[in-house]
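There's a structure below that I have some questions on.
The values are calculated or read from the model by the stated rules, or taken from the named source; none is laboratory data. As the structure is a computational prediction, the values presented were derived from the model and not from experiment. Because the Cβ atoms are built from the backbone with ideal geometry, glycine has one as well, and the counts that use them run over all protein chains shown. Areas reflect the complete protein model, heavy atoms only, side chains present, ligands, DNA and RNA absent. Shrake-Rupley method; radii C 1.70, N 1.55, O 1.52, S 1.80 Å.
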Amino acid sequence: NSGPWVLLNTLTASNSATLSDTTSLTSAYSEYEIVFENIIPATNLDQLSLTVHSGGSYQSGANTYDYRLLLSSSHDVATSAAFTANRMILSSSGAGFGIGSAATEGFNGFLRVSKPTNTTVYKQWGGEATYANSTNFLGGTVSQRWSGGTGAIDGFQVFMSSGNITSGIIRIYGRL
């Protein structure tokens with residue numbers, strides 16, 4: 001991939017159930033980056049997730065996503081998870097590993113996907129993230145794959161597992 005990143009859209013949370021975009025992922029660019037800035041959940045120790053939009057709907061069938069999280073906490077405790085689910089899991093959840101609702105840093109990071117409109121291969125997503133809660137500061141890598149089909153992806157939605165997104169910004173960039 002080459003050229004500078006071009007800002008395509010900005011999504012701003014304000015006690016939002018979801019943040020969605022179905023206009024930015026097109027064949028105009030070969031690589032896309034979704035940047036998360038200070039995403040704060042309404043529910044303490046919540047989990048951030050993403051589903052892709054393909055074929056006219058958000059894809060959330062059982063076992064349609066493969067994901068791996070590799071997290072390290074501020075106490076040097078590493079956890080790794082590799083599973084299939086009905087959504088992309090971007091953060092862990094629960095005591096010590098979920099995103100804190102009172103954290104001033106929130107969830108920060110990025111995901112990249114190449115050629116989301118290609119219809120011959122599964123779409124792989126990769127990125128890095130950091131976030132905090134009352135116990136830990138966590139950071140790590142995120143590897144995802146929509147394994148529900150090879151259809152073109154033309155959008156996504158981001159949401160918390162058990163509550164709204166209090167605040168934060170998501171920026172969508174493209175590059176040739």
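What figure, in Å² to the nearest 10, do you get for the accessible area of residue 173 with a 1.4 Å probe and non-protein molecules left out?
It works out to around 50 Å².
Taking a probe of 1.4 angstrom, what is the accessible area of residue 119 in Å², to the nearest 10?
Taking all protein chains as shown, residue 119 has close to 80 Å².
For every other residue with a beta carbon closer than 14 angstrom to the beta carbon of residue 152, add +1 if it is Lys or Arg and -1 if Asp or Glu, then tell me the sum. Don't jump to the answer; show the numbers that get you there.
Numbers: positive: 115, 123; negative: 154.
Around residue 152, the charge tally is +1.
Here is a further query. Classify the chain as rounded, prolate or oblate, taking a ≥ b ≥ c as the square roots of the eigenvalues of its Cα gyration tensor: rounded when a/c is under 1.5, otherwise prolate if a/b is larger than b/c and oblate if not. It would help to have the intermediate numbers written out before the result.
On the way: a/c = 1.65, a/b = 1.48, b/c = 1.11.
Here the chain falls in the prolate category.
Please report the net charge: other residues with Cβ closer than 15 Å to the Cβ of residue 171, K and R +1, D and E -1.
Working: positive: 112, 175; negative: 21, 31, 33, 37.
Neighbour charge sum, excluding residue 171 itself: -2.
Give, as ranges by residue number, the residues of the range 39-53 whose backbone N falls under 16 Å from the point 7 Å along Cα→Cβ of residue 12.
39-40
Just to verify a number: what accessible area does residue 131 come out at with the full protein assembly present, 1.4 Å probe, Å² rounded to tens?
Estimated to the nearest 10 Å², residue 131 gives 0 Å².
If amide H atoms are built 1.01 Å from N in the plane of the peptide, which residues on other chains or at least 5 residues away come under 5 Å of the amide H of residue 45?
Amide H to amide H, under 5 Å and 5 or more residues apart or across chains, residue 45 pairs with 99, 100, 101.
Then there's this: Provide the gained length on full extension for the span residue 134 to residue 110, in nm with one decimal, where the gain is 0.36 nm per separating residue minus the Cα-Cα distance. All intermediate terms of the calculation are to be shown ahead of the outcome.
On the way: separation 24, 0.36 × 24 = 8.64 nm, distance 2.27 nm.
Taking 0.36 nm per residue and subtracting the Cα distance, the gain is 6.4 nm.
Tell me the net charge near residue 65. Cut-off is 14 Å between Cβ atoms, residue 65 excluded, with +1 for each Lys or Arg and -1 for each Asp or Glu. Mind showing how you got there, number by number?
Numbers: positive: 68, 87, 123, 145; negative: 66.
Net charge around residue 65: +3.
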